[in-house]
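Colleague: For reference, the structure I am asking about is given below.
The values are calculated or read from the model by the stated rules, or taken from the named source; none is laboratory data. Given the structure is predicted, the values throughout are model-derived calculations rather than measurements. No Cβ is skipped: glycine too gets one built from the backbone with ideal geometry, and neighbour counts run over all protein chains shown.
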Amino acid sequence: MIKADNVVKVFSSRSGEVRAVDGVSTEVARGEVVVVIGPSGSGKSTFLRCINGLETFTEGHIFIDGVDLADKKTNINKIRAEVGMVFQQFNLFPHKTVLENLTLAQCRVRKRSKKVADEKAQALLKKVGIPEKAGEYPSRLSGGQQQRVAIARALAMDPKVMLFDEPTSALDPEMVGEVLDVMKQLAREGMTMIVVTHEMGFAREVADRVIFMDEGKVVEVGTPEHFFTNPQEERAKLFLKQVL
Amino acid sequence: MKAREKTWPWRLLLVVILLGIAAGTWGAVSKIDYKWRWYRVPQYFMYLAEDAQKIPFDGKVTAVVKGNKNTKVTVVSESAETKTIQVTSDTLKVSEGEDLFAGDTVGFTKTWRLGPLMLGLWTTLWLSAISSVFALILGLLTGIARVSKNITLRGLAMVYVECIRGTPLLVQIFIAYFFLGTVFNLSRNVCGVGALALFAGAYVAEIVRAGVQSIPKGQMEASRSLGMTAFQTMKDIILPQAFKKILPPLSGQFISLIKDSSLVSVIAITDLTKSGREIITSTFATFEVWIVVAAMYLLVTSVLSQLVFYMERRLAVSD
Ligand SMILES: Nc1ncnc2c1ncn2[C@@H]1O[C@H](COP(=O)(O)OP(=O)(O)OP(=O)(O)O)[C@@H](O)[C@H]1O
Ligand SMILES: [Mg+2]
């Protein structure tokens, strides 16, 4: 489904070069839920952003359903429509109602009719538990509700894979649960997911695999049991001690 | 809790100061020997024009039918041609049975016409309106080019903006008229509109650029992550949000444009300012005319401000 092959992303700035992602290779199968964890600045977000082309990587290849993102001939907009992304800061469109947030890209990118898009949007809002907010503007919603709308917005494109970049980090603690519940349900339904998170409970419960990154490299990979009970690498042990 | 501060003493003070300024001006003016002739001004807004009605042939007046306001005069020529001419009753110059020659005046018709002030205002309005439309299009494109990834586009936009903002509008108008106008054989109106549009466009571009850059990066990323193209993202996500933010500075720019349009009078476009100058040469009512001209500009710009205020309130629904 997704295959990353020795992906390198170098940011060069005045203060020098940062190898944000440094030779990451991994494969994600259809229906698999992969949780990426690691300390701040370890390149988790950057790697995720490379997968849907928000960041162009310096070296390596990323294949999505066999299509190479590094290939100049690849239509990046087509790939993005298949790869849903949920951001830490929700990034809802503030000038559009919740319903319009969900229908805009359906109409523009998937070329669906208004009616079909509306039906799809209503169904998804029901699924994430806020069907009554369709006509509201995002600023009237709580953080948890906004993030659920953002998930619904990504799902409206019928993506093959969903990427989550710390979807609960900007939320008040009491709202974390409602968002995680939606994500757990998605996982149960067989959605392919790559989730960057600090929610270790979530990782334990739904992850098929945990990837631990540090300084742009994959340091350790394993099942949640293996990773949380018997990590091999020193850095992973240290990190777990800090977060658990 | 603090009691609400009284505002009326300050309002009173404001009125007193304004009255003081008015009185001071009045006093200063009355010291110099200036004869106010306000009565001369209204005719330059509207006036009753008298057009002479003449007969095209030699002939005889056969009938004069007097109405309340208008009188119908029927003239028959030697070759039995008849012609009926209508004139305003109190200007009738002929009577029944009179012999007339070709070109003789039968009387006058009176009609209300717009005076030079109104015609000048009209010129100023359409000149500003057309320039605004072009400035908006130009500014939008340039503003977006300024934030584009393409170095060529960015460079072109920057050169344009810097050149325009670094030179005086008056000089630009002269260049547009005497240089470009001559080389490309353009009419003065085209030169005037062109210079104003180019000038305002550069400022609009900067406003648009600032507006686009004020939209958080996450909006662009969210939209692109859904598969929307750069163009769709600009049109559906970035510009609508930016527009709301830039409406106040943008309207300020267009109000400036109306005022700046007075400079095109230097290339002999008869706008409001030029009309004012022309009226002064025939009336010598210098003070009155300039005050009236200023009041007319003020009226137009205030109406525009109110319109923008109303639009801002309408756009604020999603906040
Ligand atoms: N646009 C950029 N320009 C320059 N350097 C960047 C940029 N984005 C990220 N970096 C650098 O790349 C490295 C990895 O950043 P990244 O955001 O991927 O980390 P992260 O693992 O997501 O951290 P966090 O948990 O804090 O979100 C950091 O050192 C960061 O400073
Ligand atoms: Mg991050």
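Colleague: Hey, any hits in the stretch A:121-136 for a residue that's within 21 Å of A:Leu180 (Cα to Cα), part of a helix (DSSP H, G or I) and among the acidic types (Asp, Glu)?
Modeller: yes
Colleague: Being crowded, with 21+ Cβ neighbours inside 10 Å and more than 16 Å from ligand 2 (Cβ to nearest atom) is the filter here, so list the residues in the stretch A:151-167 that pass it.
Modeller: A:Ile151, A:Ala152, A:Arg153, A:Ala154, A:Leu155, A:Ala156, A:Met157, A:Pro159, A:Val161, A:Met162
Results for (1) assigned by TED's automatic domain parsing to the domain that holds B:Leu100; (2) under 40 Å from the mean Cα position of the chain (by Cα); (3) surrounded by 13 or more Cβ atoms within 10 Å (Cβ to Cβ); (4) part of a loop (DSSP other than H, G, I, E, B), shown as yes or no for each residue.
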position: B:Leu48; (1), (2), (3), (4): yes, yes, no, no
position: B:Lys60; (1), (2), (3), (4): no, no, yes, no
position: B:Val65; (1), (2), (3), (4): no, no, no, no
position: B:Thr71; (1), (2), (3), (4): no, yes, yes, no
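Colleague: Answer yes if at least one residue in the stretch A:13-24 is more than 19 Å from A:Val196 (Cβ to Cβ) and of a type in the set (Ser, Thr, Tyr), and no otherwise.
Modeller: Yes - at least one qualifying residue is present in the stretch A:13-24.
Colleague: What are the residues in the stretch A:42-68 that are part of a loop (DSSP other than H, G, I, E, B), of a type in the set (Gly, Ala, Ser) and in contact with an Asp or Glu (Cβ under 8 Å, 6 or more places away or on another chain), if any?
Modeller: A:Ser42, A:Gly43
Colleague: Next question, about the same structure. Please specify each residue of the stretch A:111-134 satisfying the condition of being surrounded by 18 or more Cβ atoms within 10 Å (Cβ to Cβ) and within 22 Å of the chain's Cα centre (by Cα).
Modeller: A:Lys120, A:Ala121, A:Leu124, A:Leu125, A:Val128, A:Ile130 - these are the residues of the stretch A:111-134 that are surrounded by 18 or more Cβ atoms within 10 Å (Cβ to Cβ) and within 22 Å of the chain's Cα centre (by Cα).
Colleague: Among the residues of the stretch A:185-226, what is the count of those that are outside any loop (DSSP other than H, G, I, E, B), within 16 Å of ligand 1 (Cβ to nearest atom), more than 14 Å from chain B (Cβ to nearest Cβ) and of a type outside the set (Asp, Glu)?
Modeller: Residues that pass the stated criteria total 12.
Colleague: Taking the stretch A:8-33 on its own, how many of its residues are out of contact with any Phe, Trp or Tyr (no Cβ under 8 Å at 6 or more places or on another chain), within 16 Å of ligand 2 (Cβ to nearest atom) and under 24 Å from A:Met191 (Cβ atoms)?
Modeller: Number satisfying all stated conditions: 0.
Colleague: Need at least 3 residues that are within 30 Å of A:Val109 (Cα to Cα) per element, so show me which helices (runs of 4 or more DSSP H) inside the stretch B:164-282 make the cut, counting only ones lying wholly within it.
Modeller: Answer list for the stretch B:164-282: B:188-214, B:217-225, B:230-233, B:239-260.
Colleague: Separate question: For the structure I just gave you, tell me whether B:Glu98 is loosely packed, with under 14 Cβ neighbours inside 10 Å and more than 43 Å from the chain's Cα centre (by Cα).
Modeller: no
Colleague: Which numbered condition trips up A:Glu100, out of (1) away from ligand 1 (no atom under 12 Å from the Cβ); (2) touching a residue at least 24 places away in the same chain (Cβ under 8 Å); (3) acidic (Asp, Glu); (4) crowded, with 16+ Cβ neighbours inside 10 Å?
Modeller: For A:Glu100, the exception is condition (2).
Colleague: Output the residues belonging to the stretch A:135-154 that are within 12 Å of another protein chain (Cβ to nearest Cβ), within 21 Å of the chain's Cα centre (by Cα) and of a type in the set (Lys, Arg).
Modeller: Within the stretch A:135-154, A:Arg153 is the sole residue that qualifies.
Colleague: Across the stretch A:13-47, what is the number of residues that are more than 8 Å from ligand 1 (Cβ to nearest atom) and either out of contact with any strand residue (DSSP E or B) (no Cβ under 7 Å at 6 or more places or on another chain) or within 14 Å of another protein chain (Cβ to nearest Cβ) (or both)?
Modeller: 4
Colleague: Still on this model: Among the numbered criteria (1) modelled with pLDDT of 95 or more; (2) within 14 Å of chain B (Cβ to nearest Cβ), which one does A:Glu119 miss?
Modeller: (2)
Colleague: How many of the residues in the stretch B:288-318 are of a type in the set (S, T, N, Q), without any contact (Cβ under 8 Å) to a residue 40 or more places away in the chain and either more than 14 Å from chain A (Cβ to nearest Cβ) or not in a helix (DSSP H, G or I) (or both)?
Modeller: Going through the stretch B:288-318 one residue at a time, the tally reaches 2.
Colleague: Show the residue pairs meeting these rules: Cβ distance below 6 Å; 6+ apart or different chains; first residue within the stretch B:219-242 and within 17 Å of B:Gly143 (Cα to Cα) and within 7 Å of chain A (Cβ to nearest Cβ); second residue crowded, with 19+ Cβ neighbours inside 10 Å and of a type in the set (Phe, Trp, Tyr).
Modeller: Final answer for the pair search is B:Ile237/A:Phe93.
Colleague: With the requirement that a residue be at the interface with another protein chain (Cβ under 9 Å from one of its Cβ atoms), more than 24 Å from B:Gln241 (Cβ to Cβ) and over 13 Å from the mean Cα position of the chain (by Cα), what does the stretch A:67-82 give you?
Modeller: If the condition is that a residue be at the interface with another protein chain (Cβ under 9 Å from one of its Cβ atoms), more than 24 Å from B:Gln241 (Cβ to Cβ) and over 13 Å from the mean Cα position of the chain (by Cα), then A:Lys78, A:Ile79 are the ones that fit.
Colleague: Would you point out the residue of the stretch A:55-78, among those that are closer than 21 Å to A:Arg110 by Cβ, of a type in the set (A, V, I, L, M, F, W, C) and surrounded by fewer than 20 Cβ atoms within 10 Å (Cβ to Cβ), that is nearest to ligand 2 (Cβ to nearest atom)?
Modeller: The extreme case among them is A:Ile76.
Colleague: For the stretch A:83-115, give me each residue that is at the interface with chain B (Cβ under 8 Å from one of its Cβ atoms), in a helix (DSSP H, G or I) and closer than 23 Å to A:Ile194 by Cα.
Modeller: A:Ala105
Colleague: Which pairs do you get when a residue that is more than 15 Å from A:Val83 (Cα to Cα), found in the stretch A:40-52, comes within reach of a residue that is more than 8 Å from ligand 1 (Cβ to nearest atom) and part of a helix (DSSP H, G or I), reach meaning Cβ atoms under 7 angstrom, with the pair 6+ apart or on two chains?
Modeller: none
Colleague: Of all the residues that make up the stretch A:158-173, how many are touching a helix residue (DSSP H, G or I) at 6+ places or on another chain (Cβ under 8 Å), away from ligand 1 (no atom under 16 Å from the Cβ) and away from chain B (no Cβ under 14 Å)?
Modeller: Total satisfying the criteria: 1.
Colleague: Could you check how many residues of the stretch B:9-35 are in a helix (DSSP H, G or I), closer than 25 Å to B:Thr286 by Cβ and aromatic (Phe, Trp, Tyr)?
Modeller: 1
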